[in-house]
Amino acid sequence: MSDHVLVINAGSSSLKYSLMDAGSGAAAADGVIERIGEPQGHRRHRGPDGETESSDPIASHEDALRAALKAFETHGPSLDDVELAAVGHRVVHGGARFGAPSLVDDALIAEVSELVPLAPLHNPANLEGIEVARRLFPDLPQVAVFDTAFHQTLPPHAYTYAVPSDWLEQHGIRRYGFHGTSHSFVAEEAARRLGRDLTELNLIVLHLGNGCSASAVHGGRSVETSMGMTPLEGLVMGTRSGDLDPAIHGHLARELGWSIDEIDRVLNSASGLKGLAGENDFRELSRLRAAGDPRAELAFDVYCHRIKKYVGAYYAVLGTVDAIVFTAGVGQHSAEVRAAALQGLERLGIRLDPGRNAEPPGTGTVSADGSEVTVLVVATNEEWQIARQALAVVRR
Ligand code: ADP
């Protein structure tokens, strides 16, 4: 039986897909359809014959998935030949209801719809992707894999905000955590690299991409994580502020007359590195820093200082740490961030090897021999994790 899973990540104006071999992690093809609903759409498909691109209007998510299927037909590989085992969907918010990947049925769709207020930008698009795939693949099992699921093991003292207790029961206000698919993949991969069983390890995982989050993983279970009820809390990100004093909202509203929507927009889209230095892409920020831009320098320092605070906090949460694992675009590629974030933590048993840390391509062990805590760089692979988890659900 085939281990192939079509992984779909539907965003508000884009649809990404990968045809994954869940066993090996090889992507037989992948692609993205962007600017859905805009006058000029764009699509890219990478298959056995290389990459093809085209630009034409794509009216809806349904048209986007049809365009992807057409690309498989025209450029390969043929989906009939690979005999898909399932379609795996990335779903951002599973609330407190979903602690594991789940087979899609009408009840799941209703429950994910109820969670839309917690993820208004993401869940509607994810649902759209599910509905479209159900129509186009009526005979295939569809599996929802939630960004929040891995963090459902957080203990109550970690997920509870110190607010009136009925906020949790009545409004679902608590920490959920995100990037769980990446954190779980990276934790498993770290255990493999260390040649140890995940159940005996304490790990701090740092996912530093456009979005950034940290987690403390005890015995393979997430026990603390930096993103909260929404993906805004925690580390400094490309365009998101991460932690800030909640009284700032009131100040902006009362003193400056800003609307809640405007405050939300600025904290999500115009803060973080972009807010501080005018640039959210880390490579651009590095160029500005190299050119001596003081705003870029400060942004880098704020970014790394925040990571260091979380490493310290999660060290305390875990008691002992076997490994700190860096992943995603910045985590994997920026030796400077790793060095700055871990600088001065030798008394905690964390010692980088400057030579290893600086070595491309950026996967492997970067701590010094004899460092009590191993520091690893791991390439995350959320598509593979979604494929593996989807396959496990259908084979159960
Ligand atoms: P996403 O969260 O969208 O999946 P990625 O994991 O691809 O994002 O990370 C994107 C970030 O990684 C960008 O800020 C990008 O500039 C940064 N990045 C990618 N390559 C490098 C590199 N070689 N050096 C520093 N930063 C990098």
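Which one, Ile173, Ala119, Ala86, is farthest towards the positive end of the dipole of the range 81-183 when Lys and Arg carry +1 and Asp and Glu -1 on their Cβ?
Selected residue: Ile173.
Give me the net charge for the shell around Asp369: Cβ to Cβ below 12 angstrom, other residues only, Lys and Arg +1, Asp and Glu -1.
Overall, the nearby charge balance is 0.
Please state, rounded to one decimal and in Å, the Kirkwood hydrodynamic radius that the range 169-316 gives when every pair of distinct Cα atoms enters the mean of 1/r.
In the range 169-316 this quantity evaluates to 16.7 Å.
Which order do peptides 181-191, 69-79, 126-136 fall in by mean Cβ count within 10 Å, highest first?
Going by the mean number of other Cβ atoms within 10 Å, highest first, we get 181-191, 126-136, 69-79.
Arrange the peptides 207-215, 284-292 so that the one whose residues have, on average, the most other Cβ atoms within 10 Å appears first.
In decreasing order of mean packing, 207-215, 284-292 become 207-215, 284-292.
Modelled label-to-label distance, Ser113 and Asp301, 7 Å Cα→beta-carbon offset: nm?
5.2 nm
Just need the relative contact order of the chain here, percent rounded to a whole number, with Cα pairs under 8 Å and 6+ apart.
So the answer I get is 15 percent.
Give me the percent relative contact order of the range 225-369, please, defined on Cα pairs under 8 angstrom at least 6 residues apart.
Answer for the range 225-369 is 16 percent.
Using a 1.4 angstrom probe on heavy atoms only, work out the carbon and sulfur share of the accessible area of the chain in %.
51 percent
Counting each pair of different Cα atoms once, what's the Kirkwood radius of the range 1-75 in Å, rounded to one decimal?
Radius from the Kirkwood sum: 12.5 Å.
Let me know the charge dipole size of the chain about its Cα centre in debye, to the nearest 20, where only the beta-carbon of Lys, Arg (+1) and Asp, Glu (-1) is charged.
Dipole about the Cα centre, nearest 20: 800 debye.
Between the range 337-359 and the range 260-289, how far is it from one alpha carbon centroid to the other, in angstrom?
26 Å
Hey, which lysines would be in cross-link range of Lys16, C-alpha to C-alpha under 21 Å, not counting anything within fewer than 8 residues on its own chain?
Lys70
Can you give the net charge of the other residues whose Cβ lies under 14 Å from the Cβ of Glu262, counting K and R as +1 and D and E as -1?
-1
For Gln343 and Ala96 in one chain, what is 0.36 nm times their gap in residues minus the Cα-Cα distance, to one decimal in nm?
Between Gln343 and Ala96, full extension yields 85.2 nm more.
In whole Å, what are the extents of the chain along the principal axes defined by its C-alpha atoms, from largest to smallest?
Over the chain, Cα extents along the principal axes are 57, 55, 46 Å.
May I ask you to list the trypsin sites (Lys or Arg not before Pro) in the range 160-201 that are in a DSSP loop and have at most 15 other Cβ atoms within 10 Å of their Cβ?
Arg196
When ligands, DNA and RNA are left out and all protein chains stay put, how many square angstrom of accessible area per residue does the range 1-158 have with a 1.4 Å probe?
Roughly 44 Å² per residue, with all protein chains present.
By per-residue mean of other Cβ atoms within 10 Å, what is the highest-first order of 159-172, 50-63?
Descending packing order for the listed peptides: 50-63, 159-172.
Roll a 1.4 Å probe over the protein chains and send me the accessible area per residue for the range 318-396 in Å².
It amounts to 45 Å² per residue over the range 318-396.
Nearest 0.05, what FRET efficiency do Lys308 and Arg283 give at R0 = 25 Å with Cβ-Cβ as r?
0.70
As an exercise, use a Förster radius of 30 Å and the Cβ-Cβ distance of Thr363 and Thr74 to find the FRET efficiency, rounded to the nearest 0.05.
For R0 = 30 Å, the calculated efficiency reads 0.30.
Starting from 0.36 nm per residue, how many nanometres of slack lie between Trp258 and Arg66 once their C-alpha separation is accounted for?
Net length gain for the segment: 64.9 nm.
Which lysines, if any, have their Cα less than 22 Å from the Cα of Lys274, not counting same-chain residues under 8 positions apart?
Lys308, Lys309
The values are calculated or read from the model by the stated rules, or taken from the named source; none is laboratory data. Bear in mind that the values here come from a model prediction, so they are computed numbers and not experimental data. When we count neighbours, we look across all protein chains shown, and the Cβ atoms used for this are built from the backbone with ideal geometry, even at glycine. The protein model used for the area step is the full one, side chains on, heavy atoms only, and it has no ligands, DNA or RNA in it. Shrake-Rupley method; radii C 1.70, N 1.55, O 1.52, S 1.80 Å.
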